[in-house]
Amino acid sequence: MRLTSWILCAALLGGCATHPQIVNDGASRAGQVGMNEISGMTPQAARMELADNESFLMPLEDDANPMPVYPAALLSQGLAPQAVCVRVGVSGDGSVLSSAPAVAPPNCPEPADPAFFDAVRSAVTGWRYEPALRCVFPDAKTKDDTVGSCGGYTEIPEAVTLTYRFVFEQKDGRGRVQLAR
């Protein structure tokens, strides 16, 4: 199971693939949100250095993590699509430590209304993850033979920062998902 999850996570990071999830807030003019994880596209000040006998497994999101809800007060304004990027700090135990705006135009502009970021922060605060792991193997060959898992060798939970891009969109008073690429 961990191998399949790691391959999926690597595909999402490597290809910046999208992962649609739709949330309907139940109102007659419902807003919906699309999301994809874009950590691989953002510059990092410091990256973890791995030894030849180490590998890294990205954290895995809990399927029950809630998506943000389109701010109901903004639905009547007919706003253009809004991209909201956020950095999420994930602890070694898989809980969210922090969330902060990740403004880097043109793909991550400042949202038109702070309520969009508030909706994102409200959702991600309670997210849970299967922790990121640094796997330590006896040697590089063993590492190469154990792709996508720690294979029973030493697992060291690691804190990481992930960056996500959420897109809030509405059309004709109805919410629609537009995934960022």
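The values are calculated or read from the model by the stated rules, or taken from the named source; none is laboratory data. All values derive from a computational prediction rather than experimental measurement. Note that we place each Cβ from the backbone using ideal geometry, even for glycine, and neighbour counts take in every protein chain shown.
Within the range 108-125, identify whether any single residue is under 17 Å from V84 (Cβ atoms), in contact with a Leu (Cβ under 7 Å, 6 or more places away or on another chain) and either at pLDDT 95 or above or in a loop (DSSP other than H, G, I, E, B) (or both), and answer yes or no.
yes
Go through (1) among the basic types (K, R); (2) loosely packed, with under 14 Cβ neighbours inside 10 Å; (3) within 15 Å of the chain's Cα centre (by Cα) for R121 and report which single condition fails. Of (1) among the basic types (K, R); (2) loosely packed, with under 14 Cβ neighbours inside 10 Å; (3) within 15 Å of the chain's Cα centre (by Cα), only one is false for R121: (2). For S91, are the conditions met, namely being in contact with a strand residue (DSSP E or B) (Cβ under 7 Å, 6 or more places away or on another chain) and without any contact (Cβ under 8 Å) to a residue 12 or more places away in the chain? The answer is no for S91.
Taken together, the residues in the range 78-92 that are under 17 Å from C108 (Cα atoms) and assigned to a strand (DSSP E or B) amount to 7. Of P111, P68, all but one fail to be of a type outside the set (F, W, Y), under 22 Å from E169 (Cβ atoms), buried (at least 16 other Cβ atoms within 10 Å of the Cβ) and touching a residue at least 60 places away in the same chain (Cβ under 8 Å); the exception is P68.
If we scan the range 136-157, do we find a residue that is within 29 Å of A80 (Cβ to Cβ) and acidic (D, E)? Even if it seems obvious, please write down each step before you answer.
Pass one, the range 136-157, residues within 29 Å of A80 (Cβ to Cβ): none.
Checked against the condition, which is being within 29 Å of A80 (Cβ to Cβ) and acidic (D, E), the range 136-157 yields no hits at all.
Checking L75, L79, L57 one by one, the residue that is hydrophobic (A, V, I, L, M, F, W, C) and over 30 Å from K171 (Cβ atoms) is L57 and no other.
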